[in-house]
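Peer 1: Handing you this structure, nothing more for now.
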Amino acid sequence: RTMKNGKQPEKGSSRIFSLTVLFIALCGFSFYLGGMFCSERDKIEAKDVTSTTTKAVASPKEPTVSALQIKSVSFPECGSDLQDYTPCTDPKRWKRYGVHRLSFLERHCPPVHEKSECLIPPPDGYKPPIRWPKSRDQCWYKNVPYDWINKQKSNQHWLKKEGDKFHFPGGGTMFPRGVSHYVDQMQDLIPEMKDGTVRTAIDTGCGVASWGGDLLDRGILTISLAPRDNHEAQVQFALERGIPAILGIISTQRLPFPSNSFDMAHCSRCLIPWTEFGGIYLLEVHRIVRPGGFWVLSGPPVNYKRRWRGWNTTMEDQKSDYDKLQSLLTSMCFKKYAQKDDIAVWQKLSDKSCYDKIAKNMEAYPPKCDDSIEPDSAWYTPLRPCVVAPTLKVKKSGLGSIPKWPERLNVAPERISDVHGGSASGLKHDDGKWKNRVKHYKKVLPALGTDKIRNVMDMNTVYGGFAAALVQDPVWVMNVVSSYSANTLPVVFDRGLIGTYHDWCEAFSTYPRTYDLLHLDSLFTLESQRCEMKYVLLEMDRILRPGGYVIMRESSYFMDALTTLGKGMRWSCRREETEYAVESEKILVCQKKLWFSSNQTS
C-alpha cells in the first residue's frame, strides 16, 4: 500500500543507497585482490639449462618478457681419445648390446648422466679442409688419420696415401676401371639416370662414397650410408670429401627416412645378407624406394657364372643364392629391369595388381602390411616383415608421374596434402620467404655461397625451403625434420632434396668436424622444453668443423643465453637483425675457432 506522506519511501531509499555503496566497495576490494593474484600468475620463471634461474615479470603495460639469462660457462676440453667420438654409435659401448643382426652397430645413445660436457679436440695437425670440388679427389691425411682402410683397400683403389694427403682414385671392389666407367655402364642400363627422372639415391655400404661423389656431376643427390665398423671412418671420409653421408645400418630398426623417398638404391658388394632373415633387409629397401624406382646390385651373387671362383664359394651355392634373391624380389613386387656383366637392376612396381595379389593370398610371404603399420614411422621403429603397398597418393609421386629434376623442386608434391595445413600455395609462400632470408644471410655471412662452405645442415626444416634457395650454390644440404614435428620429410624428398628424421635431444649420426654450416630456425623455441640447450649446443660444436659457421635464427628471448653458451665453447658470435629487423626475432652468427688440445704431444 502506498504511503502518502513520503516518509517510508525516503527510509527505503537510504537503505538502497547504503547497500549500493557497500556493493561498490566490495567489488573494488575484490578487483584489488584479483589484480594482486593476477600479477603473481603472470610472472614467468625461465629455467636456465645450467640450473640457474632468471625470473621475468610481465609488465602490466608491456607484454614483453625479459631475455633468458644464464651464468657464464667455460666448457673443458675432452681427452684426445674422444677426437672421433660418436655418442650414439660409440664402440666402447658395443659390448652392452646384442650381436644379433649386428644390432650393436645401431644407435644406442648414452643416458643424460653419461653425456659428455666437453669440447672435442681435432687431431694433431688438423688443417682447414680442402675446398670443393678438389676435395672430392683428395683430403688431408691428418684430418682423417686412418691407416687401416688405406692398407686394406689400397689394392682396390678406394684411396691412396701420398705425402700429407689421401687421394681418391675412384676405385672400388666392383669397379676396378674406376667409378666413372662403372656409372657409365649403369646409365646404359637405366636411361632414367640421364634425363632428371632419377634425382635422389641411397648407397648402402658406401665405402668412401665414390659412387655418390661421381653422381653429383650427373645431377643425382646421394646419401651414402655406412655403419661405424671395422672399415674405419667410411662416413667421415665421405664428408671430408664434401659428399653427403650419414652413419647407419639396416639391422633391426628402420632407416630414418620416410617411405617411398629414394628414386634409386645401390649396393656394390656391400656385404648385406639380403636373402637372410626372410629378406627383411630387402623389405626395408622396398619401403624407402619410391614406386618405379630402382634397386641396383653389383657383386655376389650377380654374374656368378663368371665370378664364383673369386668369391671363395661354389657355382651351385651362388646360383642358389641368386635364385633365392630373385624369388624374394618378385614376391615383394620388384621386377627384373636390366642386367649386364656385374650389374643387375630391379624396378619397384607401382601397379595395384601385384600388391592386391599379395593381399588376397593369406599364405603369401612376405604379407602385405596392414593399415596399423605407419609406413613413414622411422625413428626407432622396428623393421616389419611385410610389404608396404603404395597408396594412390604415393603412386602419383612415383617415377614417371613426378616431374623430372629440376622442375620437381618447385612443384608442390601430392604428399603435401598429408601435412596439416599443407598446400601448393603454402609451399610457394615458404619458398619465397626463404629466398628473401637466404639473400639476407649472404649479407651477414658473405662466406655463404662461396667455396668456403660445402657441407650444410638445416637442423629443423619444414619443406626444405632453405636448401631450395641454395640449390645453385656449391653446397649440399642435409634437411633434418624433427621426429616430434609434423611429418614434412616426404615433401622434402619429393622435391628432389635429401634429409633425415632426428631428435635433437640426442646426438646426430655423424662424426665430429663434418659440417661447414649449421642453420636453425626457432629450434629452441620449439624444443627447449624437451631438449636441454647446452647439450644441443655441445652437439653442434661436435659436428661443426673448425672455422665453420652457425646461423641461429631465434626468438630474442634466447639470444643472450645462446651468446653465453657460444662464448663458453670458444665460438666468436655476433648478433644481427633479421631481414625485417623485428624486435622479437634476431639472428646469431657464430664461427667455431680452430684450437688444439693442450694435452697433445706434437
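Peer 1: Mind telling me which of the residues Lys324, Lys335 ends up being open to solvent by 40 Å² or more (accessible area, probe 1.4 Å), in contact (Cβ under 8 Å) with a residue 12 or more places away in the chain, touching a Ser or Thr at 6+ places or on another chain (Cβ under 7 Å) and more than 22 Å from Ala226 (Cβ to Cβ)?
Peer 2: Working: Lys335 fails: touching a Ser or Thr at 6+ places or on another chain (Cβ under 7 Å).
Lys324 is the lone residue from the list that is open to solvent by 40 Å² or more (accessible area, probe 1.4 Å), in contact (Cβ under 8 Å) with a residue 12 or more places away in the chain, touching a Ser or Thr at 6+ places or on another chain (Cβ under 7 Å) and more than 22 Å from Ala226 (Cβ to Cβ).
Peer 1: Counting only residues that are open to solvent by 10 Å² or more (accessible area, probe 1.4 Å) and under 29 Å from Tyr85 (Cβ atoms), how many does region 478-496 have? Don't jump to the end; show me each part of the working.
Peer 2: Filtering region 478-496 down to residues open to solvent by 10 Å² or more (accessible area, probe 1.4 Å) leaves 482-487.
From the residues that got through so far, the ones that are under 29 Å from Tyr85 (Cβ atoms) too are 482-485.
Result for region 478-496: 4.
Peer 1: Moving to a separate point now. Count, please, the residues in region 63-95 that happen to be outside any loop (DSSP other than H, G, I, E, B) and either open to solvent by 70 Å² or more (accessible area, probe 1.4 Å) or hydroxyl-bearing (Ser, Thr, Tyr) (or both).
Peer 2: Pass one, region 63-95, residues outside any loop (DSSP other than H, G, I, E, B): 77, 80-82, 87-89, 91-95.
After this cut, where a residue has to be either open to solvent by 70 Å² or more (accessible area, probe 1.4 Å) or hydroxyl-bearing (Ser, Thr, Tyr) (or both) as well, the list is 80-81, 89, 92, 95.
Qualifying residue count, region 63-95: 5.
Peer 1: Of everything in region 262-280, what is open to solvent by less than 10 Å² (accessible area, probe 1.4 Å) and more than 21 Å from the chain's Cα centre (by Cα)? Give them in sequence order. Give the derivation first.
Peer 2: Of all residues in region 262-280, those open to solvent by less than 10 Å² (accessible area, probe 1.4 Å) come to 262-267, 279.
Passing the criteria: Cys267, Gly279.
Peer 1: Could you list, in sequence order, all residues of region 408-454 that are touching a strand residue (DSSP E or B) at 6+ places or on another chain (Cβ under 8 Å), more than 22 Å from Gly398 (Cα to Cα) and assigned to a loop (DSSP other than H, G, I, E, B)?
Peer 2: Passing the criteria: Leu445, Ala447, Leu448, Lys452, Ile453, Arg454.
Peer 1: I need the full set of residues from region 190-203 which are under 24 Å from Val235 (Cβ atoms) and open to solvent by 10 Å² or more (accessible area, probe 1.4 Å), in order please.
Peer 2: Arg199 - this is the single residue of region 190-203 that is under 24 Å from Val235 (Cβ atoms) and open to solvent by 10 Å² or more (accessible area, probe 1.4 Å).
Peer 1: Do any helices (runs of 4 or more DSSP H) lying entirely in region 242-358 carry at least 2 residues that are modelled with pLDDT of 95 or more, and which ones are they? Show your work before the answer.
Peer 2: On the way: elements: 280-288, 304-307, 315-331.
By residue number, 280-288, 315-331.
Peer 1: Mind listing whichever residues of region 102-144 are over 24 Å from the mean Cα position of the chain (by Cα), basic (Lys, Arg) and assigned to a helix (DSSP H, G or I)?
Peer 2: The answer is Lys134, Lys142.
Peer 1: Can you tell me which of (1) closer than 18 Å to Leu497 by Cα; (2) under 21 Å from the mean Cα position of the chain (by Cα); (3) touching a residue at least 60 places away in the same chain (Cβ under 8 Å) is the one Val289 doesn't meet?
Peer 2: (3)
Peer 1: May I pose another question? Inside region 572-584, can you point out the residues that are free of Cβ contacts under 8 Å to residues at least 60 places away in the same chain, open to solvent by less than 80 Å² (accessible area, probe 1.4 Å) and within 27 Å of the chain's Cα centre (by Cα)?
Peer 2: Of everything in region 572-584, those that are free of Cβ contacts under 8 Å to residues at least 60 places away in the same chain, open to solvent by less than 80 Å² (accessible area, probe 1.4 Å) and within 27 Å of the chain's Cα centre (by Cα) turn out to be Ser572, Cys573.
Peer 1: Given the criterion open to solvent by 20 Å² or more (accessible area, probe 1.4 Å), farther than 24 Å from Lys435 by Cα and basic (Lys, Arg), identify the matching residue among Lys534, Lys592. Spell out the reasoning first.
Peer 2: Details: Lys592 fails: open to solvent by 20 Å² or more (accessible area, probe 1.4 Å).
Just a single option satisfies the conditions, and that option is Lys534.
The values are calculated or read from the model by the stated rules, or taken from the named source; none is laboratory data. Because the structure is predicted, anything quoted here is derived from the model rather than measured. In this analysis, Cβ positions are derived from the backbone assuming ideal geometry, glycine residues included, and neighbour counts consider all displayed protein chains. Remember, those area values only see protein heavy atoms, side chains included, never the ligands or the DNA or RNA. Shrake-Rupley method; radii C 1.70, N 1.55, O 1.52, S 1.80 Å.
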